Amino acid sequence: MTDKTMTVDEVVGRLRSGMTIGIGGWGSRRKPMALVRALLRSEIGDLTVISYGGPDVGLLAAAGRIRRLVAPFATLDSIPLEPHFRAARERGAFALTELDEAMFMWGLHAAANRLPFLPVRAGLGSDVMRVNPELRTVTSPYADGEEFVAVPALRMDAALVHLNRADRLGNGQYLGPDPYFDDLFCEAADTAYVSCERIVEGFGADVLPQTLLVGRHSVTGVVETPNGAHFTSCVPDHDRDEPFQKLYATTPWPEFAERFLSGKSEDDYQAAVRAWREEETR
């Protein structure tokens, strides 16, 4: 069995400008933020990003790293519209392919199953078809003759996801209420990297099988990043850091980036957050 443990910098060292990168999680929940911050410390850009968008999208958009975004939304959950995404989109900083949530999910399923597309009813009769003129419809070859949207496969060069636990072989476990399709992201990508709150020495017989979301067959590398989803939630390990999220949402990008993202490592980021928190409690 292969030990797949890596560092965040080793993961980013395998990524290249121009890639299509999928980012797991949902909105401001269980996002692989340590890996996203490592991307920001690199020179990688011109990315196509596939994501149920949250601050991952906001950070990369504000930093000018996205060429095209494929997403059903970009939200911070408690703050409905991701502000840095909005600002970048309003100034035309990147192209957007906006899909219905169900269409997006079936695009992941198509990619995971190595299909070119899957037929879905979602999107018909909506502006999704108008704003995405490249989408096509197909007609059922059977007696019903029903028309469907042919949702294209959302194939990725690399996927980045965050889970509560993982072992060194690449098996990943979620302990919260929702899998957020992270397994599909991994299976839809040529390479997949799992960051986790803690690496464990295997999963015993007492582990609920349904919590083992990601299998080692779809994982390229594993990174232990305690608090690596910050400031998004990763329950039950930690909730969303709402005060910090509010700071992120209301602070001009250059000021936020200089204070929290100008360091050389994830440790520098975590130290900057602790310093801010100490200031707030004085």
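Annotations for the structure displayed:
- Projected label distance in nm at Val235 and Ala257, using a 7 Å step from Cα toward the beta-carbon: 3.3 nm
- Ser78 accessible area, 1.4 Å probe, all protein chains in place, Å² to nearest 10: 60 Å²
- Amide hydrogen proximity for Ala74: with H placed 1.01 Å from N in the peptide plane, the residues at 5 or more positions away or on another chain lying under 5 Å are Glu82.
- The stretch 1-128 - percent relative contact order, Cα under 8 Å, separation 6 or more: 18 percent
- Label point 7 Å beyond Cα of Ala205 along Cβ direction - residues of the stretch 157-180 with amide nitrogen under 12 Å: none
- Full-stretch length increase - Asn132, Thr281 - with 0.36 nm per residue and alpha-carbon distance subtracted: 48.8 nm
- Area of Leu212 that stays accessible when all protein chains are in place (1.4 Å probe, Å², to 10): 70 Å²
- Rounded Å value of the spacing that divides the Cα centres of the stretch 1-53 and the stretch 141-157: 29 Å
- CD proxy at 222 nm, helix term only [per DSSP H run n ≥ 4: -39500 (n - 2.57); per residue of the chain; nearest 500]: -8500 deg cm²/dmol
- Between amide H atoms placed 1.01 Å from N, distances below 5 Å from Val151 occur with Leu118, Val120, all of them 5 or more places distant or on a separate chain.
- Note, ³J(HN,Hα) from phi for the stretch 216-228, Karplus 6.51, -1.76, 1.60, rounded to Hz, x at Gly and Pro: 5, 4, 9, 10, 9, x, 10, 10, 7, 9, x, 6, x
- Relative contact order computed over the chain (Cα-Cα under 8 Å; 6+ residues apart), in percent: 20 percent
- Amide H partners (placed H, <5 Å) of Ile50, local residues excluded: Ile21, Gly22, Ile23, Val70
- Given R0 = 35 Å, the distance between the Cβ atoms of Thr2 and Ser265 translates into a calculated FRET efficiency of 0.85.
- Computed over the chain with a Gaussian network model linking Cα atoms closer than 10 Å, the most mobile of Thr97, Thr139, Thr191 is Thr139.
- Given a 1.4 Å probe and the protein chains as shown, Phe117 ends up with an accessible area of around 80 Å².
- Put Leu59, Leu118 in order of accessible area, highest first, and with a 1.4 Å probe you get Leu118, Leu59.
- Average projected area [Cα convex hull, the stretch 146-227], square nanometres: 6.9 nm²
- Taking every DSSP bridge with both residues inside the chain, close to 30 percent are antiparallel.
- For the chain, the average shadow cast by the Cα convex hull is 16.3 nm², which is a quarter of the hull's surface.
- Between the beta carbons of Ser140 and Arg274, assuming R0 = 45 Å, the FRET efficiency works out to 0.20 to the nearest 0.05.
The values are calculated or read from the model by the stated rules, or taken from the named source; none is laboratory data. No experiment lies behind these values; they were computed from the predicted model shown. Cβ atoms come from the backbone with ideal geometry, glycine included; neighbour counts cover every protein chain shown. To get the accessible areas, we keep the full protein, side chains included, count just its heavy atoms, and leave off ligands, DNA and RNA. Shrake-Rupley method; radii C 1.70, N 1.55, O 1.52, S 1.80 Å.
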